[in-house]
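Here is the structure we will look at, set down as structure tokens.
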Amino acid sequence: MKIAVVGTGYVGLVTGTCFAETGNQVICVDIDENKIGRLNKGEIPIYEPGLDVLFDRNVAEGRLKFTTNLAEGIKEAQIIFLALPTPPGEDGSADLKYILKVADDLGPLLERYAVIVDKSTVPVGTAEKVRAAIAKSAKVEFDVVSNPEFLREGVAVEDFMKPDRVVVGTNSSKAQKTMEKLYAPLVRQGNPVIFMDERSAEMTKYAANSFLAMKITFMNEIANLCERVGANVDDIRRGIGTDSRIGKRFLFAGIGYGGSCFPKDVQALAKTSRDYDYDFRILNSVMAVNEDQKKRLMPLVQDYFEGELKDKTIAVWGLAFKPYTDDIREAPALENIKALLSAGAKVTVYDPEAMDNVKRILGDQVTFCHTPYAALDDADALMIFTEWPQFRTPDFEKMDKLMKNKVVFDGRNLYELDVMREMGYTYYSIGREAVLSLDSEQLVVSN
Ligand SMILES: NC(=O)c1ccc[n+]([C@@H]2O[C@H](COP(=O)([O-])OP(=O)(O)OC[C@H]3O[C@@H](n4cnc5c(N)ncnc54)[C@H](O)[C@@H]3O)[C@@H](O)[C@H]2O)c1
């Protein structure tokens with residue numbers, strides 16, 4: 001089939017590349033000339049494991065092309081995906097200006113029947129708005145379908161090629177047949193393509209993300225209570241995650257969820273609830289707890305240094321909102337680094353993929369290092385914000401030689417308490433007792 005993907009970001013590029021991989025002719029469209037220029041030179045502008053192999057193959061075989069020209073991109077398309085941003089507006093609602101702009105532009109350009117597929121995460125009722133915007137100037141028949149995307153950055157290719165399920169919202173049997181045909185190669189193992197009405201499809205995406213954000217937040221609250229009662233959240237996680245009714249995933253306590261999806265999608269669902277006069281109380285708590293959770297470590301750092309962070313050097317490992325991505329949108333690391341800087345600390349940072357993106361925001365306010373150990377040179381403490389695998393088994397003796405103090409504030413619970421105790425570190429993590437090193441010269445306040 002001939003496919004256009006409008007919006008070539010994390011979702012659009014993965015969608016386009018994966019549908020090219022299943023044999024379709026794909027043109028990805030974006031208004032960002034720099035991005036399209038790089039893609040046309042064979043450069044992938046985002047970090048996403050496994051994408052390069054598929055990208056290279058499909059570009060080489062002529063199935064995957066890029067343009068900034070919408071008319072050219074959609075000219076022959078039977079299916080037009082909208083993978084455009086839906087950032088939060090000031091009141092938390094999803095901002096539909098990008099989607100509706102493209103919908104307005106599409107109307108006069110359509111030359112034959114096409115299925116317009118909304119892949120962006122959008123509030124209930126958006127498909128109707130998109131349909132109305134296109135209908136204003138369309139001279140041909142078309143369908144608008146809701147097809148929310150559930151891929152996770154970092155494993156996006158795998159998620160896309162082997163989805164747990166595909167959700168499609170449509171009342172048109174013609175569009176349904178097109179979508180069935182398109183997704184057939186991805187669901188050969190029997191994972192379902194679930195058809196429903198478009199409003200339910202739109203709502204399904206928000207329900208999924210809000211539920212996952214709630215699951216993480218619940219564990220963060222359990223962690224906070226664990227610290228007070230003297231329990232270990234990792235043991236609780238193992239104890240409840242093995243219950244098949246609960247499941248093992250999204251139970252890791254930490255310094256709060258971030259990223260481009262959970263924060264904005266929870267906010268947007270709360271806004272929809274307000275619009276429909278429903279007080280969705282759990283969502284309000286999820287948002288409030290997560291805001292507090294992102295600030296969990298700073299008071300401990302302040303206490304450790306007796307409120308005197310001026311001229312202290314704090315090393316930071318991990319900037320991305322999660323491992324295997326360079327995405328720093330709503331990453332807890334950023335907020336914490338800004339708090340460190342405003343307290344007068346010097347900050348040295350390392351992240352395997354996200355440093356370029358942070359440079360664009362923080363410039364030379366922090367020192368960017370080429371290795372995790374370089375960031376530790378003469379550091380008074382280490383803070384960890386992303387659970388990149390390379391941070392999991394560091395050389396603690398080497399760290400000791402580099403750092404001024406053996407103290408670690410770990411927002412991702414990477415290390416065993418016994419190991420840190422044995423190595424003589426002062427170690428704060430989330431939902432576990434603090435390890436207070438005996439030979440620490442600092443005043444240590446237990447959390
Ligand atoms: N990133 C994820 O993990 C993820 C997962 C599932 C769903 N989603 C949803 O998918 C949507 C897209 O997210 P993303 O992370 O890919 O965003 P993104 O910001 O990475 O990409 C969006 C792209 O759209 C382009 N764009 C903006 N206006 C345009 C226009 N008029 N014409 C053509 N291109 C235009 C931008 O230049 C950008 O490249 C959002 O609604 C998001 O909530 C994201």
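Please list 257-268, 345-356, 30-41 highest first by mean number of surrounding beta-carbon atoms within 10 Å per residue.
Peptide ranking by packing, descending: 257-268, 345-356, 30-41.
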Please go through the residue pairs LYS41/LYS322; LYS65/LYS139; LYS174/LYS322; LYS271/LYS294; LYS215/LYS401 and name each one whose alpha carbons sit more than 32 Å apart in this structure. LYS174/LYS322; LYS215/LYS401
The correct pair for segment 168-298, radius of gyration to one decimal and Dmax as a whole number, both in Å and from Cα atoms, is 18.5, 60
In the chain, how does Rg compare with the Kirkwood Rh, expressed as the Rg/Rh ratio over alpha carbon atoms? 1.01
Residue by residue, what Karplus-based ³J(HN,Hα) values in Hz, rounded to whole numbers, does segment 151-156 have, using 6.51, -1.76 and 1.60 with θ = phi - 60° and x for Gly and Pro? 4, 9, 4, x, 9, 5
For VAL193, residues with placed amide H under 5 Å, excluding near neighbours: VAL166
Roughly how many whole Å is it from the C-alpha centroid of segment 99-172 to that of segment 66-98? 9
Mind listing the long-range amide H neighbours of ILE116? Cut-off is under 5 Å, sequence gap 5 or more, other chains count too, H placed in the peptide plane at 1.01 Å from N. ILE80, ASP143, VAL144, VAL145
Enumerate the amide H contacts of MET383 below 5 Å, restricted to partners 5 or more residues apart or on another chain; note that Pro and chain-start residues carry no placed amide H. ALA315, VAL316, TRP317, PHE409
Net dipole in debye of the chain [+1 Lys, Arg Cβ; -1 Asp, Glu Cβ; about Cα centre; nearest 20]: 1260
Using the Karplus curve 6.51 cos²θ - 1.76 cosθ + 1.60 with θ = phi - 60°, work out ³J(HN,Hα) for each residue of segment 321-336 in order, rounded to whole Hz, and write x for Gly and Pro. 6, 7, x, 6, 9, 9, 6, 10, 5, 6, 6, x, 4, 4, 4, 5
Quick shape summary for segment 2-196, equivalent ellipsoid via Cα gyration tensor, semi-axes whole Å in descending order, reads 23, 20, 18
Taking θ as phi - 60°, what are the ³J(HN,Hα) couplings along segment 77-84 by the Karplus curve (6.51, -1.76, 1.60), each to the nearest whole Hz, with x for Gly and Pro? 5, 8, 10, 10, 7, 9, 10, 9
Hey, if you drop one equal point scatterer on each alpha-carbon of segment 155-221 and run the Debye formula without solvent, what base-10 log of I(q)/I(0) do you get at q = 0.18, 0.25, 0.29 Å⁻¹? -0.78, -1.11, -1.20
Starting with the fewest neighbours, write out VAL26, VAL289 ranked by other beta-carbon atoms found within 10 Å of each beta-carbon. VAL289, VAL26
Centre separation in Å (Cα based) which lies between segment 290-340 and segment 1-18: 34
Segment 298-445: radius of gyration over Cα atoms, expressed as a fraction of 2.2 N^0.38 Å: 0.96
Rounded D (µm²/s) - segment 81-215, Kirkwood Rh over Cα pairs, Stokes-Einstein at 4 °C, 1.567 mPa s: 83
Tilt relative to the chain, helix 173-183 - C-alpha long axis, 0 to 90 degrees, to 10: 50
Please compute, over every Cα-Cα pair in segment 117-169, the percentage with a separation greater than 14 angstrom. 60
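Bear in mind that the values in this text are calculations on the coordinates, not laboratory data. Given the structure is predicted, the values throughout are model-derived calculations rather than measurements. Here Cβ is always computed from backbone atoms with ideal geometry, including for glycine, and neighbour counts include all displayed protein chains.
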